[in-house]
Amino acid sequence: MKMLPSLSVLRVAVPALLLAVAGPVLAQVKVTAPWVRATVAQQSSTGAFMQLQSPKAVKLVSVSTPVAGIVEVHEMAMDGPVMRMRAVPALELPAGKPVELKPGGYHVMLMDLKGPVKEGDQVPFTLVFEGADQKRETVQIKASVKALGAAAKDDHSGHAGHQH
Ligand SMILES: [Cu+2]
């Protein structure tokens, strides 16, 4: 019984210490191999793809780029027999686990493009991540534009629903 008071003191002290250590360490979300699909004539939307990894659980809450009027994070999901895209309000990044944005899966949807996106261009993006503590982290990246391949054409056919 004599141990109890000191134990409870310890229990309070440990989380406080962890907090003090974790506080100043910034969670850096790693963005790997970002790319944007080049547009063809008359095309007003395209997709951006990349791999995201965060040391702690965060969510991607906002993406913006000067080349598009509207930017959303989309997921592909089956709607009966048809694969459709829908906007997700936030993309969860579990701690330490890479999340792949790729054709046929999650992607950043660029709509209302200001002009053609050409192969070889560099497109700047601002990504905003939010942690469980509501703290926000902004990451600036540049994505290279790659041409639309024959195989890549199919998986964005669902984009017909994005006309404005
Ligand atoms: Cu989309």
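Of note:
- Screening Val88, Val67, Val108 for residues that are β-branched (Val, Ile, Thr), over 20 Å from Gln43 (Cβ atoms) and within 16 Å of the ligand (Cβ to nearest atom) leaves exactly one candidate, Val88.
- Test result for Pro66, at pLDDT 95 or above, closer than 20 Å to Thr138 by Cα and in a loop (DSSP other than H, G, I, E, B): yes
- Check on Val108, part of a strand (DSSP E or B), out of contact with any Gly (no Cβ under 6 Å at 6 or more places or on another chain) and free of Cβ contacts under 8 Å to residues at least 60 places away in the same chain: no
- Ala151 vs. criteria within 16 Å of the chain's Cα centre (by Cα), exposed (fewer than 12 other Cβ atoms within 10 Å of the Cβ) and either modelled with pLDDT of 95 or more or more than 24 Å from Val29 (Cβ to Cβ) (or both): no
The values are calculated or read from the model by the stated rules, or taken from the named source; none is laboratory data. Predicted, not measured: the structure shown is a model, and the values here were computed from it. Heads up, the Cβs are rebuilt from the backbone with ideal geometry, glycines too, and the neighbour counts pull from every protein chain shown.
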